[in-house]
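To start, the structure under review is shown below, and the notes come after it.
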C-alpha cells in the first residue's frame, strides 16, 4: 500500500487521515476547465464531483479507522499503566517488608535507628515527589494526545468535509 495511506497503527492512521483531508481540500479548490486530458491517444475527462466524492469516501473511511485506532491506543496505554502500577505496588510492598525485617534485626541502639529513619524519610519524600512528577507528566502526555494527536486530525477532517466533501457526492460516487 502507498506508505502515506497505510493505517496499521494510530500514527499511520493519523497521517492517512491528514493526507486524505488535504487531498479533499485541494480537489475542492481545483478549477477544472472543459475538455479532456490526452494521454497517448486516450482521452480522459475528469469530473470534479466524482473526484470529490471519491476522496470523501476515503475521508470517511480514514476518519473511522483513526477514531478506532485512537480508542485502541487509549485502552492499551491505560492497560499498560495499570500493569506497571501493579508491579510498582508489589515491588514497594516487598521492599517495605525487607526493610522492616532489616530494621528489626539490625539496630543495637536508638541512634542507629534514628539515622536510618532519616534515610527512610528522604526515601519517602523522594518517592512522593516522583509520583507527583509522574502524575504531572501523565497529565501533560494526555493533553498532548487529546489536543495534537486527536483533535487536530479530526478538526482538519471536519474542515475538509465541510469545505469540499459532502455525503451527496460520496453517495453519488458509490452508487
Exercise. Could you give the radius of gyration (one decimal) and Dmax (whole number) of the Cα atoms in the stretch 17-98, in Å?
Worked result: 25.7, 84
Problem set entry | Virtual spin-label span in nm between residue 82 and residue 94, 7 Å along Cα→Cβ | 2.2
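Read-outs: derived from the displayed coordinates by stated rules, not from any lab. Computed from a predicted structure; not experimentally measured. Note: ideal-geometry Cβ built from the backbone for every residue, glycine included; neighbour counts use all protein chains shown.
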